[in-house]
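Q: Handing you a structure now.
Values quoted throughout were computed directly from the atomic coordinates according to the rules given, and no laboratory measurement underlies them. The model shown is predicted, which means the values in this text are computed figures rather than measured ones. For neighbour counting, all protein chains shown are included, and Cβ atoms are generated from backbone atoms with ideal geometry for every residue, glycine included.
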Amino acid sequence: MTTNGSHTNGLQPKPKFAMYWAASCGGCEIAVLNIGEKILDVDANFEVVFWPVAMDAKYADVEAMEDGAILLTLFNGGIRTDENEHMAQLLRRKSKILVAFGSCANEGCVPGLANFSSRQEIFDTVYDSAASASTENPYNVRPVPSFTVREGELSLPLFAPHLKTLDQVVPVDYYIPGCPPESHQIAAVIDVVIAALHGQGELPPPGSVIGAGNSTVCDECGRTRNVKMIKQFYRIQEVAQIDPDLCLLEQGILCNGPATRSGCMSRCPSVNAPCIGCYGPAPDVIDYGARLITSIASVIDSKDPDEIEHILDGIPDPAGMFYRFNLAHSLLHAGKPAWKS
């Protein structure tokens with residue numbers, strides 16, 4: 001009998017679990033820890049073999065494993081560097097079940113908005129003191145792929161021309177949306193896998209979105225919709241009094257509910273905040289931005305082109321509004337500067 005935690009009863013080894021953090025903010029890692037006592041089920045049923053943010057594990061440890069040795073990998077973050085892409089390919093080979101975990105891995109999320117800019121424009125903004133009031137870089141030092149020092153050669157991951165989603169790089173078995181996924185979503189996935197391990201259930205069909213709904217946020221929202229036509233769009237801070245019962249879009253407040261997948265129980269609209277789309281496109285949505293544009297057009301009270309244009313001019317940052325979470329996975333993928341670079 002071993003005592004290192006790798007066996008459940010001294011006879012059968014635990015299936016292996018891994019989690020990796022690519023181009024993202026780290027919120028998905030925190031969300032896993034926020035599942036409370038459910039984390040004990042992970043420890044009881046899995047051997048955690050690779051989770052860089054929580055344990056000391058090296059890439060070489062993963063490379064040394066047999067292909068398919070890891071039962072379940074939660075991969076969060078988009079693919080922005082050659083290191084991210086290498087790890088996506090490596091964990092795909094080593095994992096029986098690879099899950100795109102969270103909005104960044106699914107759609108690109110906020111880091112994917114950088115796809116509107118070229119690599120040069122991004123670096124100028126980050127490293128050029130003249131371009132950014134928050135940057136102090138008098139010698140205009142820029143990152144380079146490799147640099148020789150006395151101790152040897154130092155290297156940095158190569159920054160790709162544009163960010164890609166996980167399934168644009170490797171095949172993905174399941175998707176868990178959310179920015180980050182909520183505790184009940186993560187718990188649902190863990191329960192499904194554990195039940196399958198013990199012969200008490202079956203895994204969903206490959207490609208399934210799990211831990212979320214199959215409709216839109218609007219269908220979960222309890223607000224009344226009267227098909228009211230509007231003449232102006234407002235930022236939420238510009239509205240003196242928000243009607244707690246009326247659809248936010250019909251009050252001129254841009255709300256992404258019509259295009260966004262259900263499953264969050266309409267948390268934001270229920271507290272007078274518009275949906276911003278973090279659960280990703282609803283099941284029948286081909287392009288998230290196109291669906292939103294259609295929804296917004298349906299409530300504009302005008303048939304005059306000039307007036308319609310004036311009303312639409314009231315939308316701040318349309319690109320960020322329509323593609324805040326899913327530019328990298330949309331039909332656009334990126335803007336012209338990124339494609340050119």
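Q: Which shape class, rounded, prolate or oblate, goes with the chain when its Cα gyration tensor gives a ≥ b ≥ c as root eigenvalues, a/c under 1.5 marks rounded, and past that a/b bigger than b/c marks prolate?
A: Oblate, since a/c reaches 1.5 and b/c is not below a/b.
Q: Okay, moving on. Give the total of Lys-Lys pairs in the chain with Cα-Cα distances below 29 Å; include a pair only if its members are 8 or more places apart or on different chains.
A: 21
Q: To check my understanding: the extent here is largest minus smallest coordinate of the Cα atoms along each principal axis. What are those three numbers for the range 225-341, in Å, largest first?
A: For the range 225-341, the Cα spread along each principal axis is 46, 38, 26 Å.
Q: I need the P(r) histogram for the range 118-159: all alpha carbon pairs, bin width 10 Å from 0 out to the longest distance, whole percents.
A: All Cα pairs, binned at 10 Å, distribute as 27, 41, 27, 4 percent.
Q: What order, most packed first, do the peptides 141-149, 78-86 have when packing is the mean number of other Cβ atoms within 10 Å of each residue?
A: Sorting 141-149, 78-86 by mean packing, highest first, produces 78-86, 141-149.
Q: Report D for the range 239-293 in µm² per second (integer): Stokes-Einstein, Kirkwood Rh on Cα pairs, 10 °C, 1.306 mPa s.
A: Stokes-Einstein gives a translational diffusion coefficient of 136 µm²/s.
Q: How high is the relative contact order of the chain, in percent, counting Cα pairs under 8 Å that sit 6 or more residues apart?
A: Dividing the mean separation by the residue count of the chain yields 18 percent.
Q: If you take the square roots of the eigenvalues of the alpha-carbon gyration tensor of the range 119-274 and sort them as a ≥ b ≥ c, do you get rounded (a/c under 1.5), prolate (a/b over b/c) or oblate?
A: Judged from the Cα gyration tensor, the range 119-274 comes out oblate (a/c at least 1.5, b/c at or above a/b).
Q: Give me the extension gain from Ala297 to Ala69: residue separation times 0.36 nm, minus the current Cα-Cα distance, reported in nm with one decimal.
A: Extending this stretch completely gives an extra 77.0 nm.
Q: How do 91-104, 259-272, 164-177, 188-201 rank on mean C-beta neighbours within 10 Å, highest first?
A: 91-104, 164-177, 259-272, 188-201
Q: If the elastic network links every pair of Cα atoms under 10 Å, which of Leu254, Leu33, Leu154 fluctuates the most in the Gaussian network model of the chain?
A: For the chain, modelled as a Gaussian network with Cα springs under 10 Å, the answer is Leu154.
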